[in-house]
Amino acid sequence: MGKTVSDMADSELKRNQIEYLDSIIETVGNTPLVKLQKMPAEHGVKATILVKPEFLNPTGSVKDRMAIYLLKQAVARGELKPGGTIVEATSGNTGAAVAMFAAVHGYKAILTIPDKMSREKVDTLRAFGAEVHVCPTAVPPESPESYYETGKRLARENSNSYWVGQYFNLDNIHAHYHTTGPEIWRQTEGKLDCFVGGVGTGGTVSGIARYLKEQNPKVEIVAVDPEGSVYYQYHKDKTMVEPHTYYVEGIGEDMLCPTIDFSVIDTMYQVGDKTSFLLTRDLARKEGILAGGSSGSVMYAALEHGKKMHEGQTMVVILPDSGAKYISKIFNDDWMREKGFL
Ligand code: PMP
């Protein structure tokens with residue numbers, strides 16, 4: 001077989017040592033660790049807090065890692081076939097990653113999203129060319145109207161479709177066990193005492209925690225859950241509370257997902273919307289870090305837990321997504337006042 005024109009162009013470029021990647025997907029992962037300058041001292045924390053700004057991934061969230069890993073596995077197993085349709089229920093971030101993957105590789109993407117999610121997130125999915133179905137938030141997960149059940153139905157109705165199922169698909173945990181966990185271990189050279197993250201599906205924290213605990217069982221794993229979600233109480237005493245809606249996006253659940261491994265989570269904190277959003281704004285104003293609402297929730301747990309740690313100890317904190325996704329909400333004073341958060 002002779003070389004195609006594009007192969008020749010590629011080899012020519014490489015001979016000239018022009019550095020490039022074959023697609024935007026290859027920019028996923030390898031985010032840095034960044035030391036917080038002011039907030040720890042202001043909150044009486046002596047330990048070093050290193051945040052991992054996952055909004056530096058191409059669609060602006062940690063979910064790029066999971067979605068790309070999971071979809072590549074699905075292609076390798078022959079479950080996602082050429083020309084197929086990828087269907088997923090999303091709080092927005094996984095959907096953006098799915099839609100990016102679909103655009104690059106020529107799949108169709110159908111995404112369902114609850115109506116509480118920001119306008120920016122819904123518009124982003126459409127910008128990538130996905131078909132988007134906005135569903136009611138305030139219905140139980142088993143309701144046929146829920147974003148979850150609507151997604152499953154659309155997957156059944158579309159031939160040659162692949163249902164991602166991040167809430168059940170254990171590749172969600174494996175993605176972080178094989179990529180994010182080793183990355184944190186390498187970047188810190190194993191010198192970390194504590195890891196902090198937020199739980200939505202639980203995949204990020206569970207995968208990273210499993211890897212870190214295997215390397216050193218003494219690494220403490222701290223998770224945060226929003227008020228209104230079922231995880232916090234379940235972690236405490238294995239009882240289920242009645243869930244209620246809340247404003248922070250991407251963390252908490254109204255059901256227990258198999259993608260959360262409670263056995264690797266040592267401590268769980270619970271936080272309300274107001275505290276989360278005010279800390280999100282502090283990250284931007286005091287540290288110059290424009291992160292999303294769940295980053296404020298994670299910062300609450302990091303600062304509370306940090307007070308129990310000593311000088312010389314190190315904590316790594318995941319900032320899941322970008323503040324650019326919430327300019328019309330958390331960073332809009334009118335919205336904040338209207339909801340009683342300012
Ligand atoms: N924060 C945000 C903004 C998210 O979108 C998500 C994913 N739903 C998370 C945190 C939690 O990640 P995970 O699903 O891996 O628990």
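The values are calculated or read from the model by the stated rules, or taken from the named source; none is laboratory data. In this text the structure is predicted, and so the values were computed from the model without any measurement. Please note: Cβ atoms are built from the backbone with ideal geometry, for glycine as well, and neighbour counts cover all protein chains shown. When the accessible area is computed, the model is the full protein with side chains, heavy atoms only, and any ligands, DNA or RNA have been set aside. Shrake-Rupley method; radii C 1.70, N 1.55, O 1.52, S 1.80 Å.
Shown in residue order for region 38-50 are the 3J(HN,Hα) couplings computed by the Karplus curve 6.51 cos²θ - 1.76 cosθ + 1.60 at θ = phi - 60°: 10, 4, x, 4, 4, 9, x, 9, 9, 5, 7, 10, 10 Hz (x for Gly and Pro).
Each residue of region 274-288 is assigned a 3J(HN,Hα), and the resulting list reads 4, 4, 4, 6, 5, 6, 4, 5, 4, 4, 6, 7, 9, 10, x Hz, derived from the Karplus form 6.51 cos²θ - 1.76 cosθ + 1.60 (θ = phi - 60°), x at Gly and Pro.
Highest GNM mean-square fluctuation among LYS63, LYS218, LYS108, for the chain modelled with Cα contacts below 10 Å: LYS218.
Other residues whose C-beta falls under 12 angstrom from the C-beta of VAL139 contribute a net charge of -4, scoring Lys and Arg +1 and Asp and Glu -1. The residues of region 63-163 expose on average 41 square angstrom of accessible surface per residue, using a 1.4 Å probe on protein heavy atoms. GNM, the chain, Cα, under 10 Å: largest mean-square fluctuation among LEU303, LEU170, LEU21? Sorting by GNM fluctuation, first place goes to LEU21. Ellipticity at 222 nm from helices only: DSSP H runs of n ≥ 4 in the chain, each -39500 (n - 2.57), divided by the residue count, give -11000 deg cm²/dmol. DSSP finds beta bridges in the chain, and of those with both partners inside it, around 10 percent are antiparallel. Charged side chains reduced to their Cβ positions (Lys and Arg at +1, Asp and Glu at -1) give the chain a dipole of some 460 debye around its Cα centre. Among residues other than PHE55 with Cβ under 9 Å from its Cβ, the summed charge is -1 (Lys and Arg +1, Asp and Glu -1). One Cα centroid belongs to region 16-34, the other to region 79-122; the line between them spans 22 Å.
Normalised by the number of residues in region 138-243, the mean separation of alpha-carbon contacts (under 8 Å, six or more apart) gives a relative contact order of 19 percent. In region 63-163, the portion of solvent-accessible area held by carbon and sulfur atoms comes to 52 percent [1.4 Å probe, whole percent, DNA, RNA and ligands not counted].
Mean-square fluctuation check for the chain, GNM, Cα pairs under 10 Å: which of ILE18, ILE110, ILE265 is largest? Per the Cα network of the chain with a 10 Å cutoff, ILE18 tops the list. For region 63-163, the relative contact order comes to 29 percent (Cα pairs under 8 Å, sequence separation of at least 6). For region 223-342, the relative contact order works out to 23 percent when only alpha carbon pairs closer than 8 Å and six or more residues apart are counted.
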